[in-house]
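The values are calculated or read from the model by the stated rules, or taken from the named source; none is laboratory data. As the structure is a computational prediction, the values presented were derived from the model and not from experiment. All Cβ positions, even for glycine, are placed from backbone atoms using ideal geometry, and neighbour counts span all protein chains on display.
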Amino acid sequence: MRLDSRIVEIAADPDPSRRIERLLAVARELLQTDDVSLTLGEPDCATSATRGHGCISVSIPGVEGTVGTLSAGAPRPASFGDDDEQVLTVFGTLIGGALRERALLDQAQAAQQAHRTSEQRLRDFAEASSDWFWEQDEALRFIWLSESMFTRLGLDAQALYGKTARESQPLGVDEAAWARHEAVLAARQPFRDFRFSRIYPDGQHRTVSISGRPVFDDEGTFRGYRGAGADITPQVEAEAQAERAHRSLVDAIESLDAGLLLYDANDHLMLANRRIGELAPALSDVLRPGIRFEEVVRAAAERGYYRQA
């Protein structure tokens, strides 16, 4: 089964809603019917067994079960075949991934909106868009932290004042990350998005991002760092959920009973799932990313995968 190379381009579309509409449009073209629809809930036609009545459908899996159905109605009875069912299954998998991604993005945007609503800004740090502000001396010890850091996070000021970032013992930073960060500080360079985590007094494990710039006096002498920090736990959790959804999509494609080859706009192979290797083991040395479609066809013909007419 060879799918339209436009699917590769569509899969890169960052807007999941637009991606769904584009996938539906290509599915209608490939199945040669205008009656391809996405239903969130009960299917329009029960199963692919109803093909004889001119309708095929596939269930779309979600995180907690089936979220909908992708169905296609034929312009005349019995006009769909096994290949059409396989095509619809692939499109159902891709659309299911886009639906999950859209849900995760909605959750992330809601979390970010709630975060922005509750965030207080200080005019002295007009360029920052964060939860709190901090300052270090020339020995990189904390000498000032905005009150919001303690009131909003419940941290003990004595655990941070007079200590360097490393001495405050944050979690989630390995030695290599510390070495890179401290090299930037030693070079008196600005830094952004240095991440670590802490277990706060309420028992929650939260991720923090800090950014800072070096401070110099009028004579150019280094006086420390000044910067801002933010609780990015909602963002990190949304990123982790999105990664799990992506992994689920890849696993779903790998679990298809049909062999699947995806090509880019220039007919170069992008992906061959495990099933195609099982169906055509003699092509295992050929089905590698970058090979052209015509080379795959030529190799398949030479190795007896096409019957002579």
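Considering region 272-292, and only residues there that are assigned to a helix (DSSP H, G or I) and among the charged types (D, E, K, R), the residue that is surrounded by the fewest Cβ atoms within 10 Å (Cβ to Cβ) turns out to be E278. Within region 167-203, the set of residues being among the polar types (S, T, N, Q), under 18 Å from G224 (Cα atoms) and exposed (fewer than 13 other Cβ atoms within 10 Å of the Cβ) comprises just one member, Q189. When region 151-166 is filtered for residues that are modelled with pLDDT under 75 and either of a type in the set (D, E, K, R) or surrounded by 13 or more Cβ atoms within 10 Å (Cβ to Cβ) (or both), the ones remaining, listed by number, are R152, L153, L155, D156. The set of residues from region 1-25 being at pLDDT below 85 and assigned to a helix (DSSP H, G or I) comprises R6, I7, V8, E9, I10, A11. Only residues that are buried (at least 21 other Cβ atoms within 10 Å of the Cβ) and either assigned to a loop (DSSP other than H, G, I, E, B) or touching a residue at least 60 places away in the same chain (Cβ under 8 Å) (or both) were counted in region 70-88, giving 3. Listed by first and then second residue, the pairs with beta-carbon distance under 7 Å, at least 6 apart or on different chains, first residue in region 92-121 and outside the structural domain of W132 (by TED's automatic domain parsing), second at pLDDT 80 or above and basic (K, R), are A98/R19. For region 222-256, a tally of residues being without any contact (Cβ under 8 Å) to a residue 40 or more places away in the chain, surrounded by fewer than 17 Cβ atoms within 10 Å (Cβ to Cβ) and not in a helix (DSSP H, G or I) returns 1. Somewhere in region 207-217, is a residue buried (at least 17 other Cβ atoms within 10 Å of the Cβ) and in contact with a helix residue (DSSP H, G or I) (Cβ under 7 Å, 6 or more places away or on another chain)? Within region 207-217, one or more residues are buried (at least 17 other Cβ atoms within 10 Å of the Cβ) and in contact with a helix residue (DSSP H, G or I) (Cβ under 7 Å, 6 or more places away or on another chain).
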